[in-house]
Amino acid sequence: MLTIHPPTLINTNDHVRIQASFETEAGSQELWFSVPNTYSAYLLENRGDAFLVGLLLLAMKNGWDIKINCPISERLYYTLTNYLIKALHLAMPHLKEINLFPKELDSSQVEQTNGVGTGFSGGVDSFFTIYEHIHSDCPESFRLTHFVYHNVGSHGDFGGDATRALFRKRLELVKPFAEEVQLPLIEIDSNISEILQMDYVPTHTIRNAAAILVLQGLFRYYYYSSGRQFKDFELSPTIGASYDILSLNMLSTETLDFFSAGSAFSRFEKTEAITHYEPTYRHLNVCTSDAANCSVCPKCLRTQLTLEATGKLAFYNEVFDLSKYKNARTAYLAEVLATMHQDDYAAEIIKEMRVRGIEIPTAAYFRAPLLRSLHSLKQSGRKMLKKKNMRKEGS
């Protein structure tokens with residue numbers, strides 16, 4: 001059994017921390033989320049929704065039922081017990097189906113200010129969400145009022161001091177855009193990564209939803225920028241984004257609705273769309289290797305290649321070192337050609353380059369078969385290792 005106690009607020013200098021202690025057979029710990037003091041009025045001390053969601057994966061990993069010693073959303077209880085817990089078990093069979101035992105179910109609407117938020121990282125997906133929700137065609141009540149920036153795993157799966165330092169460094173990079181468009185940016189820090197000790201990519205939707213659920217007093221709608229399209233729906237054990245349209249609905253409450261923003265569009269379509277949004281020329285930041293764009297990691301190269309295919313790469317010379325891209329372009333194109341039959345992103349880029357008459361160097365075609373063979377060998381090696389480990393676990 002995992003027992004969650006009522007949340008409490010603790011002021012720490014210019015931030016306020018909402019935390020809840022929880023107990024398991026391994027002992028007692030605390031899960032916390034921290035926001036600037038100016039948002040303390042929007043934190044809910046009388047609801048355990050954020051902590052239930054934040055600890056759900058830990059409980060399922062260990063097969064612990066959850067007892068919640070404070071009220072939780074009635075809708076959240078219903079959707080978790082009837083749908084999401086079962087879906088997570090199907091996606092990741094090592095997560096066990098568990099039961100929830102709340103002290104009280106609350107179906108009332110939380111008093112709030114009808115805020116509309118989205119996470120802002122500076123990447124393609126987040127900029128596309130912003131582009132869709134700030135212009136005049138967007139209904140007034142659905143237009144963005146706030147940006148949010150989280151430390152729940154994207155800066156390092158398992159947390160720690162180095163992860164928090166990178167979070168702070170990247171936070172400084174996204175602030176100028178928020179200031180330029182005059183929307184507040186809320187930083188949310190947490191120790192959820194240290195608590196879960198799980199890979200981020202399969203679990204990111206639930207982690208980020210937990211962070212937003214602490215601010216139900218502020219947000220009516222929250223747009224979670226999707227990394228996958230509707231057509232790619234799958235209960236994948238490795239890619240949590242492949243079933244965002246299910247999980248985000250199941251994580252909503254009577255007060256807060258989550259939306260999987262951008263799910264109708266491919267990565268190429270979103271990249272091309274944001275080239276019409278001039279602030280991206282100065283603020284686009286896609287790198288996962290460093291705080292700023294390194295210009296040569298796979299994600300930087302993929303984005304630059306896509307921008308080249310749209311004819312807009314030159315506009316991004318402030319955020320990418322285009323000379324580095326030029327030097328790496330042929331080798332990277334060989335990699336894209338080698339993986340295009342397994343990688344939807346790669347296939348889409350090659351298709352668009354061919355349709356738009358953009359030259360692919362002959363050298364890239366020559367290198368691709370060798371790279372394809374190497375990828376095949378690596379994949380075979382991983383499968384053999386997986387089978388070996390499964391035999392060990394079964395013995």
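What distance in nm lies between label points placed 7 Å from Cα along the C-beta direction at GLU194 and ALA314?
5.0
Would you work out which of LEU9, VAL214, THR310 lies farthest towards the positive end of the dipole of the chain? Charges go on Cβ: Lys and Arg +1, Asp and Glu -1.
Farthest along the dipole direction, towards plus: THR310.
Using Cα atoms only, what is the angle between the long axis of helix 161-181 and the major principal axis of the chain, expressed in degrees (0 to 90) to the nearest 10?
Once rounded, the angle reads 80 degrees.
If we count every other residue with Cβ under 10 angstrom of MET1's Cβ, Lys/Arg +1 and Asp/Glu -1, where does the sum land?
-2
Would region 1-72 count as rounded, prolate or oblate if I go by the C-alpha gyration tensor, calling it rounded below 1.5 in a/c and otherwise prolate when a/b exceeds b/c, oblate otherwise?
It comes out prolate by the Cα gyration axes.
Show me, for region 238-252, the HN-Hα J-couplings you get by feeding each phi into the Karplus relation (A = 6.51, B = -1.76, C = 1.60, θ = phi - 60°), rounded to Hz, glycine and proline as x.
3J(HN,Hα) across region 238-252, in whole Hz: 10, 10, x, 5, 6, 9, 4, 5, 8, 5, 5, 5, 6, 9, 6.
Would you mind checking which residues have amide H under 5 Å from VAL148's amide H? H placed 1.01 Å from N; only 5 or more apart, or other chain.
THR118, GLY119, PHE120, ILE186
List, in order, the whole-Hz ³J(HN,Hα) value for each residue of region 64-77 obtained from phi through the Karplus relation with A = 6.51, B = -1.76, C = 1.60 and θ = phi - 60°; use x for Gly and Pro.
Karplus values, whole Hz, x for Gly and Pro: 9, 5, 10, 10, 10, 8, 7, x, 9, 4, 5, 4, 4, 4.
Which of the three applies to region 289-375, rounded, prolate or oblate, going by the alpha-carbon gyration tensor with a ≥ b ≥ c and a/c under 1.5 meaning rounded?
Prolate.
So between ASP290 and THR81, what do we pick up on full extension, going 0.36 nm a residue minus the alpha carbon distance?
Taking ASP290 through THR81 to full extension adds about 71.3 nm, to one decimal.
Could you give the length gained on full extension between LYS96 and SER136, defined as 0.36 nm per residue of separation minus the Cα-Cα distance, in nm?
9.8 nm
Please tell me the relative contact order of region 38-165 in percent, rounded to the nearest whole number, where contacts are Cα pairs under 8 Å and at least six residues apart.
Result for region 38-165 is 20 percent.
From the protein chains alone at 1.4 Å, what is the descending order of accessible area for VAL174, VAL355, VAL296, VAL181, largest first?
Ranked list, largest accessible area first: VAL355, VAL296, VAL181, VAL174.
In region 249-339, what percent of the accessible surface is made up of carbon and sulfur (1.4 Å probe, ligands and nucleic acids excluded)?
Details: 1720 of 3330 Å².
Heavy-atom surface of region 249-339 belonging to carbon and sulfur, 1.4 Å probe: 52 percent.
Output the pairs from LYS169/LYS299; LYS324/LYS351; LYS67/LYS96; LYS96/LYS169; LYS270/LYS324 with a Cα-Cα distance over 28 Å in this structure; if there are none, say none.
LYS96/LYS169
Report the local net charge at ASN249: Lys and Arg +1, Asp and Glu -1, summed over other residues whose C-beta lies under 11 Å from its C-beta.
-1
Using a 1.4 angstrom probe on the protein heavy atoms only, could you order ARG329, ARG372, ARG207, ARG17 from most to least accessible area?
From most exposed to least exposed: ARG372, ARG17, ARG329, ARG207.
Restricting to bridges with both residues inside the chain, how much of the DSSP beta-bridge set is antiparallel, in percent to the nearest 5?
40
So for region 129-211, averaging the separation of alpha carbon pairs under 8 Å that are six or more residues apart and normalising by length, what relative contact order in percent results?
Across region 129-211, relative contact order equals 39 percent.
Once phi is turned into θ = phi - 60°, what whole-Hz ³J(HN,Hα) does the Karplus curve with 6.51, -1.76 and 1.60 give for every residue of region 275-285, x standing for Gly and Pro?
Couplings: 5, 8, 10, 4, x, 5, 4, 10, 10, 4, 9 Hz.
Specify the angular offset, from 0 to 90 degrees and rounded to the nearest 10, of the alpha carbon long axis of helix 204-213 from the longest principal axis of the alpha carbons in the chain.
Roughly 40 degrees between the two axes.
Would you pull out the residues with amide H under 5 Å of GLY123's amide H, same chain only if 5 or more places away, H placed 1.01 Å from N?
Sorted by chain and number, the residues that satisfy this are ASN285.
If the chain between ARG143 and MET1 were fully stretched, how many nm would it gain, using 0.36 nm times the residue separation less the Cα-Cα distance? Write out the running numbers ahead of the final one.
Working: separation 142, 0.36 × 142 = 51.12 nm, distance 4.17 nm.
Result for the pair: 46.9 nm of gain on full extension.
For MET198, tell me the accessible area in Å² from a 1.4 Å probe, rounded to the nearest 10.
20
About the Cα centre, and with charges only on the beta carbon of Lys, Arg (+1) and Asp, Glu (-1), how big is the dipole of the chain? Nearest 20 debye, please.
For the chain, the charge dipole is close to 1840 debye.
In percent, what relative contact order does the chain have, based on Cα pairs under 8 Å that are 6 or more apart in sequence?
Numbers: 692 pairs, mean separation 57.9, N = 395.
About 15 percent, as a whole number.
Specify whether the C-alpha gyration tensor of region 165-237 places it in the rounded, prolate or oblate class, a ≥ b ≥ c being the square roots of the eigenvalues: rounded for a/c under 1.5, otherwise prolate if a/b is larger than b/c and oblate if not.
prolate
Of the heavy-atom accessible surface of region 34-141 (probe 1.4 angstrom), what whole percent is carbon and sulfur? If you can, show how the numbers build up before the last one.
Working: 2170 of 4550 Å².
Carbon and sulfur: 48 percent of the exposed surface of region 34-141.
For GLN182 and THR8, FRET efficiency with R0 = 22 Å and r from the beta-carbon atoms, rounded to 0.05? Walk me through the numbers before you get to the answer.
Working: r = 34 Å, r/R0 = 1.54.
Efficiency for this residue pair is about 0.05.
Convert 10 °C to kelvin, take the viscosity as 1.306 mPa s, use the Kirkwood radius over C-alpha pairs of the chain as Rh, and evaluate the Stokes-Einstein diffusion coefficient in µm²/s, rounded to a whole number.
Rounded, D is 71 µm²/s.
How many nm separate the modelled label positions at ASP65 and THR113, each set 7 Å beyond the Cα in the direction of the Cβ?
Output for this residue pair reads 4.1 nm.
Using protein chains only and a probe of 1.4 angstrom, how many square angstrom of ASP344 are accessible, to the nearest 10?
100
I'd like to check one number: the per residue accessible area of the chain, probe 1.4 Å, reported in Å² as a whole number.
Accessible area per residue: 46 Å².
Show me the ranking of peptides 357-370, 267-280, 142-155 by mean Cβ neighbours inside 10 Å, starting with the highest.
Result, highest mean first: 142-155, 267-280, 357-370.
Could you order the peptides 302-314, 25-37 from most to least packed, using the average number of other C-beta atoms within 10 Å per residue?
Numbers: 302-314: 20.0, 25-37: 15.6.
Ranking, from highest mean packing down: 302-314, 25-37.
The values are calculated or read from the model by the stated rules, or taken from the named source; none is laboratory data. All figures in this text were calculated on a predicted structure; none of them were measured in a lab. When we count neighbours, we look across all protein chains shown, and the Cβ atoms used for this are built from the backbone with ideal geometry, even at glycine. Note: accessible area is taken over every heavy atom of the protein model, side chains too, but ligands, DNA and RNA are not part of it. Shrake-Rupley method; radii C 1.70, N 1.55, O 1.52, S 1.80 Å.
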